[in-house]
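First comes the structure, then the notes that go with it.
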Amino acid sequence: MDPARLERLRTAIKEEVSDILRSFKDPRLGFVSVTDVELSRDARVAKVFVSVLGSKKDKEDSLQALRSGTGFVRSELGRRIRLRHTPEVVFRLDDSIERGTRIQTILGQLGSRESGLRKPAGGPEAPSGDDGEDVR
């Protein structure tokens, strides 16, 4: 499939799956955001990456709800996007946002620790002679 067409299809799938999940009725599903979609070259498989807000248990419950509703999501996707073959939908947890936040926190802590170790900047040092005496 043409790379430009794959990209348009990837974007359309991301938007439609996001919309489908808003109407999802499973009580296990928490606050879920679709962060990305990867399509196979033949557009037969769509890996949908989701970010879930909450505890580890909330994430596991939401992922379980998504996996049990895969057939519904795929049939809705097929109804909304006209393709010869509706791609198989596979949900994956995306923790890149959390990793990024954790890295930012660590960098912030390192930066504040480093600024505490720096000596205050003084003026230019006075030139000294070879024997260590000040030359003025």
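The values are calculated or read from the model by the stated rules, or taken from the named source; none is laboratory data. In this text the structure is predicted, and so the values were computed from the model without any measurement. With ideal geometry, Cβ positions are generated from the backbone for all residues, glycine too; neighbour counts draw on all protein chains shown.
Table for the structure above
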read-out: Wholly within region 54-136, helices (runs of 4 or more DSSP H) carrying at least 3 residues that are at pLDDT 75 or above and farther than 19 Å from Ile13 by Cβ; value: 56-68, 96-117
read-out: Tally, over region 7-42, of residues that are surrounded by fewer than 16 Cβ atoms within 10 Å (Cβ to Cβ), assigned to a helix (DSSP H, G or I) and not basic (Lys, Arg); value: 5
read-out: Whichever residue in region 62-103 is touching a residue at least 60 places away in the same chain (Cβ under 8 Å) and either of a type in the set (Val, Ile, Thr) or in contact with a Pro (Cβ under 9 Å, 6 or more places away or on another chain) (or both) and, among such residues, is farthest from Gly30 (Cα to Cα); value: Ile81
read-out: Among residues of region 43-57, those that are exposed (fewer than 15 other Cβ atoms within 10 Å of the Cβ), of a type outside the set (D, E, K, R) and over 10 Å from Phe31 (Cβ atoms), counted; value: 2
